1. Spin-label point model (7 Å from Cα, Cβ direction): what's the residue 129 to residue 172 distance in nm?
2. What spacing in nm lies between the two simple spin-label points modelled at residue 26 and residue 44, each 7 Å away from Cα in the Cβ direction?
3. Need the full-extension length gain, residue 91 to residue 53, defined as separation in residues times 0.36 nm minus the C-alpha distance. One decimal, nm.
4. Multiply the residue separation of residue 36 and residue 101 by 0.36 nm, subtract the distance between their alpha-carbon atoms, and state the gained length in nm to one decimal.
Ligand SMILES: [Zn+2]
């Protein structure tokens with residue numbers, strides 16, 4: 001299974017591909033979610049995460065093969081909403097809020113379920129390590145959705161593009177200004193991964209070092 005499919009399946013698991021429920025379906029969840037405590041960070045109990053290994057549970061390590069990604073996409077959903085005369089701007093704004101809530105929930109899960117602490121059995125440590133890798137994959141997918149909603153195309157298999165409100169030239173922001181940065185962190189299958197940061201600008205030269213990424217564009221932060 002390749003990164004574009006993993007991205008699509010994770011978006012579908014969290015209903016991010018269809019913000020107006022044109023293609024609602026129950027996400028794939030862990031079959032053991034009622035037997036032991038399972039988290040609700042994916043908006044339902046025990047929502048499985050798509051990774052290179054399959055669909056994985058971050059609570060018990062359950063693993064099943066990846067499904068085929070569905071055809072419905074965020075773009076087709078928005079195009080359909082627009083043709084029906086719905087308020088697409090409002091939908092995008094609501095979508096940004098819900099993506100941020102999901103990022104916060106998964107970050108919280110990363111700090112609890114992904115932490116290896118003293119006194120753990122080897123099995124517990126192995127599960128924490130697996131959970132960490134799963135959640136990290138989901139966070140990467142969520143950051144890509146966040147950037148797509150902000151007009152930056154970073155999904156694997158798609159050409160990287162910055163919309164005009166991102167500044168890509170050598171112009172530097174003013175000292176003390178809050179900015180959003182898009183940068184290159186890692187590469188998967190020949191395509192790039194990006195994350196967004198809001199940082200107080202101090203010395204532009206040190207920004208790429210402090211975020212561990214090559215800065216590709218910036219714009220004033222929306223406070
Ligand atoms: Zn489970």
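1. 4.3 nm
2. 0.7 nm
3. That works out to 10.4 nm of additional length.
4. Answer, rounded to one decimal: 20.9 nm.
Throughout, read-outs are computed from the coordinates displayed, never taken from laboratory work. Predicted, not measured: the structure shown is a model, and the values here were computed from it. Every residue, glycine as well, gets a Cβ built from its backbone with ideal geometry; the counts of neighbours run over all protein chains shown.
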